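Below: one structure, written as structure tokens.
The numbers here are math on the coordinates, done by the rules we state, and not lab data. Keep in mind it's a predicted model, so treat the numbers as computed, not measured. No Cβ is skipped: glycine too gets one built from the backbone with ideal geometry, and neighbour counts run over all protein chains shown.
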Amino acid sequence: MQTTLKDLLASFSGTTPLFLLPDFVFFPQTVQPFQIFEPRYMEMVKDCTAGERMLTIPLLQGEEDANQKEAPRFSKIATMGYINDVQPSEDEKFNILVTGLVKVRVEEVESEKPYRRGVVTPMTEFSQVTDEEHKRQNILRLFQSMLEQAEVIGNLELLHEANIPLQMLAHVVISALPIAAEEKQKMLELQSLELRIDILLNFLESGLLSMGAMGPFEPLLPTHPWWN
């Protein structure tokens with residue numbers, strides 16, 4: 001029997017390591033690869049894979065500095081993920097794949113580990129979207145046009161699969177856009193999926209996106225039905 005997201009959260013302890021990253025916003029229903037090389041985060045991965053395999057990835061506000069008296073702040077709304085795969089590399093680093101499970105509110109707690117930890121509470125979203133198929137086709141059309149105009153190599157075949165949830169499609173495209181992390185954070189914090197999609201369409205329709213920071217588009221999609 002397949003494990004659902006509801007099952008996964010029912011047995012969840014409520015506390016995860018915090019993998020704090022600058023200039024990066026993690027969205028539910030996306031998959032992200034990371035190369036782990038800092039000793040504290042190497043230990044974090046080992047602890048995660050020995051336990052629930054959960055971690056939360058908040059947007060770091062400012063720079064981390066060992067000489068700072070206070071730990072740097074981070075956005076209190078983030079996405080909790082599940083470590084699907086860990087591969088040690090020859091240079092003693094870890095390559096991991098993390099699937100975004102659910103948007104959460106984070107409250108930091110004291111940690112005995114070299115990495116920070118937080119109590120996370122899943123957040124409810126308004127997931128109803130009007131004219132779903134129309135908006136799906138608009139996202140695909142405009143995103144493909146944007147890639148073509150910028151001469152960016154893109155693999156859109158996976159995104160055209162009919163069984164991909166609209167939320168997943170929107171979050172994969174938002175994650176790929178070359179816009180400031182602060183703008184993506186604002187989109188993540190919205191409680192309405194429809195409003196998030198409408199803002200995404202406004203970005204795509206504006207023609208103002210700079211493609212200089214965007215490389216080839218090779219999306220990774222979740223393969224486990226946790227979101228069902």
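Could the peptides 100-106, 128-134 be put in order, highest first, of the mean number of other beta-carbon atoms found within 10 Å of their residues?
The peptides rank, most packed first, as 100-106, 128-134.
When Ile197, Ile139 are arranged by Cβ crowding within 10 Å, least crowded first, meaning fewest neighbours, the order is Ile139, Ile197. Placing pseudo-labels 7 Å out from each Cα toward the beta carbon at Gln191 and Glu148 gives an inter-label distance of 4.0 nm.
Summarised in one figure, the compactness ratio Rg/Rh of the stretch 5-122, Cα atoms and Kirkwood Rh, is 0.94. Would you mind telling me the antiparallel percentage of the DSSP bridges in the stretch 1-150, rounded to 5? So the antiparallel bridges amount to about 95 percent of the total.
Working from label points 7 Å from Cα in the Cα-to-Cβ sense, the Glu157 to Lys46 distance is 4.1 nm. In this simple spin-label model, placing a label point 7 Å from the Cα along the Cα-to-Cβ direction at both Glu183 and Asp7 gives a separation of 4.0 nm. Near the amide H of Gly81, within less than 5 Å, lie the amide hydrogens of Leu55, Thr56, Ile57, Leu101, all on another chain or at least 5 residues away, with H placed in the peptide plane. Of the peptides 78-86, 172-180, the order by per-residue mean of other Cβ atoms within 10 Å, starting with the highest, comes out as 78-86, 172-180.
Considering the chain, its Cα convex hull presents a mean projected area of 13.8 nm².
Summary of packing: across the peptides 22-32, 6-16, 184-194, 148-158, the per-residue average of other C-beta atoms within 10 Å ranks them, highest first, as 22-32, 184-194, 6-16, 148-158. Our estimate of slack between Asp91 and Gln137, defined as 0.36 nm per intervening residue step minus the Cα-Cα distance, is 12.2 nm.
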